[in-house]
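Working notes, structure below.
The values are calculated or read from the model by the stated rules, or taken from the named source; none is laboratory data. Computed from a prediction, not measured in an experiment: that's the story for all the values here. No Cβ is skipped: glycine too gets one built from the backbone with ideal geometry, and neighbour counts run over all protein chains shown. Keep in mind that these areas ignore ligands, DNA and RNA; they rest on the heavy atoms of the full protein, side chains included. Shrake-Rupley method; radii C 1.70, N 1.55, O 1.52, S 1.80 Å.
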Amino acid sequence: MGLDFSVLPPFYGTLALGVLWTVAITAASAVLSFFGGILLAVIALYAPMAIRLPFRFLAWLFMGTPLLLQLFLIYFGLVQIGIDLPAFVAGVIGLGFHFAVYNSELIQTAMIAVDKGQMEAARTLGLSRRQALIKVVVPQAVRDVIPPIGNNMIALLKDSALVSVIGVSELTLSAQRAIGQTYRAFEFYAAAAVLYYIINLGMEAVLRWFENRNRLYR
Amino acid sequence: MDTELILKVYPYFLEAALITIELSVLTIALGLICGALGATARLSRFKSLRFLGAAYVSFFRGTPALIQLFLLYFGGPQIGIQLDAFEAGVIGLGVNIGAYMTETMRGAIIAIDKGQGEAARTLGLSRSQAFRKVVLPQALRLMIRPLGVNINAQIKGTALVSAISVVELTYTAQRYIGSTYKPFEMFFLAGVLYLVIITITGKGVAYLDRKVRLPA
Amino acid sequence: MTAPHSFVEIRHAQKSYGTLEVLKDISLNVERGQIVAIIGPSGSGKSTLLRAINDLDPLTGGEIWLDGVQVNKALPHRQYEKHINQMRQEIGMVFQHFNLFPHLTVRENVTMAPKLLKKISDKEADKLAEEQLDHVGMLERIDYYPAQLSGGQKQRVAIARALAMKPKLMLFDEATSALDPELVEEVNLVMKKLAQEHMTMIIVTHEMDFAASVCDRVLFMDQGVVVEEGPPEQVFRNPTQERTRNFLRKHLEGAK
């Protein structure tokens, strides 16, 4: 069986829908991982020990085990305790939390690196510790880690393929469905690869733009 | 937590962990070879080689490893590549992590001060001698830690081959979740084993890094 | 506990880190509109004293009063936080290294705290920023980022930022020490302007000429105590203490 790319056109719609879902799940997870990362960083640096330690343990667990395993845990585990989430939501939670842990590591380092004088100056103006964190320390830390966080988000795009295994109809699963009907694995996986590559390029372009926009304040 | 169940199934997980270790070792070895070749190509004097290296990195880092794996395993036979699932896993993931290692190695090499190569050349060493005797020994020291990050990622990355039914840790966990409906216990078992493998590897990398570190 | 009489009153301030005593029973009164300079060698405790006034470096003993209210009041943690945030709104501070917020424009640096804490509208905030920046001669740079400014310009913005909270008291912690010599004067001019407007100020400085020309009173501190205190002409021209004379002589030699 050679290659025959004429099998693709009838499935353009299927693939296009897959692209949409891939973009949607990536965007939703990226947003969750970003704000989750900030929250986890603040907890790791400022929360009382009783809260910090369990989170530390959870972070260690999530950084030391495969994302795929975590997706199974979240998808089937939540069902187990009576929470039946749609696969998409389970996927967003799994991807979002996984990458939140990685983002949090970056943000923590950057928060520690923000000059002590910044907190002092904010406190001197009468801001509370929390206000100073939100208005002064976190925004600076986040700007400092935009490039590596952007890399995490690009990694997230590629890892979003994993949610196909819990039944989210994103690009990978769409390709699989088409293969199920045509038995043309190479053509459809190649097409999926090209589409991922294009989304990837788009994300990189957005990231570049963002980095440039942020250069001004340095 | 159902400890009775855990005690009953843990031998299967241990067996699966051995497959995960085997997969890790083979993919990382292949990745290091691909990385060395890729970095050489990317730093080559020849434009065509540089282009090939860049294309390699760009494709494998620009698309999901899972898709690459499927393309090789399910799509391979259409272009005359017949591999069993384990072979496809090793080759697919090894070549994939090789693209990341290419960038790690290239980064370490270009981080070495240009003056080092120049100094060696002024002593009369050839370009390749200067690279082998002066630049590379320094770059190797520099790349251990970032390669450790790649290796850590790859150990977890071996979980992907569960999607082509290689019976490693994640596949085993998934199968037992399906048959026992005990996701937490199964996650716990597989998780502990992954953490053990990753922690030991991490310690090994840190030891190596300390061992070859130059006195500051 | 007697009610304070002066506008700013520091009573028996004491501060130690472990066994190291950096402030030893310091008392100081500053009247409304007065300008006091604190001079002394590095490590004398002058910055620590200044930073104790707004509780950045809390005292281990003694009291600080501002306009009839005790700054370092003993309160349960939560209430104290509220109280000190309120007090700090009334005490402006200018740092040696400016500490402008690099992620905010000049305008936002000035308006952030008033908007957040005084809940003023965007329009009022803009007006406030324009007023304050005009006052320090930085209106043209209102939409610049700190990184685009010179050191002297940064410090003028930092002064405007502090003034925007309408403080009762301004503290200057070596405000010109980190500046290139040619940029010192523009900051000094702004401080002189504030002096003419009768802003109450406590200034930690290395610049004797500036202290002599602007201040009502000079404190010479060394090793955690006030060695000598008086009008500038007395402290600079006829110091009564040996330590003051030594310091001034060394300083003059250094300046040459």
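Would you mind finding the one in C:Gln89, C:Gln96 that is at pLDDT below 95 and touching a strand residue (DSSP E or B) at 6+ places or on another chain (Cβ under 6 Å)?
C:Gln96
All but one of (1) within 8 Å of chain B (Cβ to nearest Cβ); (2) touching a residue at least 12 places away in the same chain (Cβ under 8 Å); (3) among the hydrophobic types (A, V, I, L, M, F, W, C) hold for A:Val142; which doesn't?
Condition (1) is where A:Val142 drops out.
Residues that are open to solvent by 40 Å² or more (accessible area, probe 1.4 Å) and hydrophobic (A, V, I, L, M, F, W, C): find the helices (runs of 4 or more DSSP H) completely inside segment A:65-138 holding 2 or more of those.
Correct list: A:67-80, A:87-113.
Within segment B:141-161, does at least one residue satisfy the condition of being over 30 Å from B:Leu83 (Cα atoms), over 24 Å from the mean Cα position of the chain (by Cα) and open to solvent by 20 Å² or more (accessible area, probe 1.4 Å)? Working first, answer last.
Step one: filter segment B:141-161 for residues over 30 Å from B:Leu83 (Cα atoms), giving B:141-146.
Then drop every residue that is not over 24 Å from the mean Cα position of the chain (by Cα), which leaves none.
Scanning segment B:141-161 turns up no residue that is over 30 Å from B:Leu83 (Cα atoms), over 24 Å from the mean Cα position of the chain (by Cα) and open to solvent by 20 Å² or more (accessible area, probe 1.4 Å).
Could you tell me which residue of segment B:172-213 is most open to solvent (accessible area, probe 1.4 Å), considering only residues that are more than 10 Å from chain A (Cβ to nearest Cβ) and closer than 21 Å to B:Val90 by Cα?
Checking each candidate, the answer is B:Thr201.
Across segment A:176-194, what is the number of residues that are more than 9 Å from chain B (Cβ to nearest Cβ) and crowded, with 18+ Cβ neighbours inside 10 Å?
Summing the residues that are more than 9 Å from chain B (Cβ to nearest Cβ) and crowded, with 18+ Cβ neighbours inside 10 Å in segment A:176-194 gives 2.
Please go through segment C:158-183 and give me each residue that is in a loop (DSSP other than H, G, I, E, B) and over 19 Å from C:Asp57 (Cα atoms), ordered by number.
If the condition is that a residue be in a loop (DSSP other than H, G, I, E, B) and over 19 Å from C:Asp57 (Cα atoms), then C:Ala164, C:Met165, C:Lys166, C:Pro167, C:Lys168, C:Thr176, C:Ser177, C:Ala178, C:Leu179, C:Asp180 are the ones that fit.
Would you check which residues across segment A:55-94 are more than 13 Å from chain B (Cβ to nearest Cβ) and farther than 21 Å from A:Leu106 by Cβ and list them? Don't jump to the end; show me each part of the working.
Let us first name the residues in segment A:55-94 that are more than 13 Å from chain B (Cβ to nearest Cβ), namely A:55-56, A:84-89, A:91-93.
The answer is A:Asp84, A:Leu85, A:Pro86, A:Ala87, A:Phe88, A:Val89, A:Gly91.
Could you tell me which residue of segment A:7-35 is farthest from A:Ala141 (Cα to Cα), considering only residues that are surrounded by fewer than 17 Cβ atoms within 10 Å (Cβ to Cβ) and small (Gly, Ala, Ser)?
Top of the filtered list is A:Gly13.
Any residue at all in segment B:54-68 that is touching a residue at least 60 places away in the same chain (Cβ under 8 Å), within 25 Å of B:Tyr176 (Cβ to Cβ) and either within 14 Å of another protein chain (Cβ to nearest Cβ) or open to solvent by less than 40 Å² (accessible area, probe 1.4 Å) (or both)?
Checked against the condition, which is being touching a residue at least 60 places away in the same chain (Cβ under 8 Å), within 25 Å of B:Tyr176 (Cβ to Cβ) and either within 14 Å of another protein chain (Cβ to nearest Cβ) or open to solvent by less than 40 Å² (accessible area, probe 1.4 Å) (or both), segment B:54-68 yields at least one hit.
Could you grab me the full set of residues in segment C:68-84 that are without any contact (Cβ under 8 Å) to a residue 12 or more places away in the chain, in a helix (DSSP H, G or I) and either among the hydrophobic types (A, V, I, L, M, F, W, C) or surrounded by 14 or more Cβ atoms within 10 Å (Cβ to Cβ) (or both)?
Correct list: C:Tyr80, C:Glu81, C:His83.
Could you pull out the residue among C:Arg88, C:Arg161, C:Arg156 that is within 13 Å of chain A (Cβ to nearest Cβ), of a type in the set (Lys, Arg), surrounded by 20 or more Cβ atoms within 10 Å (Cβ to Cβ) and under 27 Å from A:Asp144 (Cα atoms)?
On the way: C:Arg88 fails: under 27 Å from A:Asp144 (Cα atoms); C:Arg156 fails: within 13 Å of chain A (Cβ to nearest Cβ).
From the options C:Arg88, C:Arg161, C:Arg156, the qualifying one is C:Arg161.
Give just the number: which of (1) at the interface with chain A (Cβ under 10 Å from one of its Cβ atoms); (2) out of contact with any Ser or Thr (no Cβ under 8 Å at 6 or more places or on another chain) does B:Leu169 not satisfy?
It is condition (2) that B:Leu169 fails.
Of the numbered conditions (1) open to solvent by 70 Å² or more (accessible area, probe 1.4 Å); (2) modelled with pLDDT of 95 or more; (3) among the aliphatic types (A, V, I, L, M); (4) within 29 Å of B:Val134 (Cα to Cα), B:Leu26 satisfies every one except a single condition; which is it?
Going through (1) open to solvent by 70 Å² or more (accessible area, probe 1.4 Å); (2) modelled with pLDDT of 95 or more; (3) among the aliphatic types (A, V, I, L, M); (4) within 29 Å of B:Val134 (Cα to Cα) one by one, B:Leu26 breaks only (4).
Kindly indicate whether any position in segment A:44-52 is away from every other protein chain (no Cβ under 14 Å), open to solvent by less than 40 Å² (accessible area, probe 1.4 Å) and within 20 Å of the chain's Cα centre (by Cα).
Within segment A:44-52 (the criterion being away from every other protein chain (no Cβ under 14 Å), open to solvent by less than 40 Å² (accessible area, probe 1.4 Å) and within 20 Å of the chain's Cα centre (by Cα)), the answer is yes, since at least one residue qualifies.
Let's see how each residue does on (1) open to solvent by 60 Å² or more (accessible area, probe 1.4 Å); (2) within 11 Å of another protein chain (Cβ to nearest Cβ); (3) at pLDDT 95 or above:
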| site | (1), (2), (3) |
| --- | --- |
| B:Lys8 | yes, no, no |
| B:Thr20 | no, yes, yes |
| B:Arg45 | yes, no, no |
| B:Ile79 | yes, yes, no |
| B:Gly89 | no, no, yes |
| B:Leu93 | no, no, yes |
| B:Gly98 | no, no, yes |
| B:Thr102 | no, no, yes |
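Would you be able to say whether some residue in segment A:97-111 is closer than 30 Å to C:Met87 by Cβ and within 14 Å of chain C (Cβ to nearest Cβ)?
yes
Identify the residue in segment A:163-175 that is farther than 15 Å from A:Ala27 by Cα and surrounded by 24 or more Cβ atoms within 10 Å (Cβ to Cβ) and, among all such residues, is farthest from the other protein chains (Cβ to nearest Cβ).
Result: A:Ser174.
Restricting to segment B:162-216, give me the number of residues that are over 19 Å from B:Ala85 (Cβ atoms) and of a type in the set (Val, Ile, Thr).
Residues flagged as over 19 Å from B:Ala85 (Cβ atoms) and of a type in the set (Val, Ile, Thr) within segment B:162-216 amount to 11.
Restricting the search to segment C:105-136, which residues are open to solvent by less than 30 Å² (accessible area, probe 1.4 Å), under 23 Å from C:Ala178 (Cβ atoms) and more than 8 Å from chain A (Cβ to nearest Cβ)?
Step one: of segment C:105-136, the residues open to solvent by less than 30 Å² (accessible area, probe 1.4 Å) are C:105-106, C:109-114, C:125, C:128-129, C:132-133, C:136.
Applying the additional criterion that residues be under 23 Å from C:Ala178 (Cβ atoms) yields C:105-106, C:109-110, C:112-113, C:132-133, C:136.
Correct list: C:Thr105, C:Val106, C:Asn109, C:Val110, C:Gln132, C:Leu133, C:Val136.
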